[in-house]
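Please treat every number below as a calculation from the coordinates, not as lab data. The structure displayed is predicted, hence computed values, not measured ones. Virtual Cβ from ideal backbone geometry, glycine too; neighbours counted across all protein chains shown.
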Amino acid sequence: MNHSPPRTLLTARDAARALSVSRSTLERMVAAGKLPPPVRISDRRIGFRVADIEAFGAPATPRSHRGGRV
């Protein structure tokens, strides 16, 4: 059996999907202080803590999204 470590960070896309919002809405929520800021992973990558997204009331695993891009 192959057990992977629990996921602690979500991409902006996955965080937006988990919250059922667009990425631009996710950015506005961070700017308004409704969500904690993402963690800088590298110069060009950020991640949202799973615990922060769950605390907002979203499941840790993003829901599938039908249709357009998020």
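Give me D for region 9-55 in µm² s⁻¹, whole number, from Stokes-Einstein with Rh from the Kirkwood sum over alpha-carbon pairs, 10 °C and 1.306 mPa s. D = 152 µm²/s. The modelled label-to-label distance for the pair ARG28/GLU54, using points 7 Å beyond Cα in the direction of Cβ, is 2.9 nm. Available extension along the chain between SER20 and VAL39 is 4.8 nm, counting 0.36 nm per residue and deducting the alpha carbon span.
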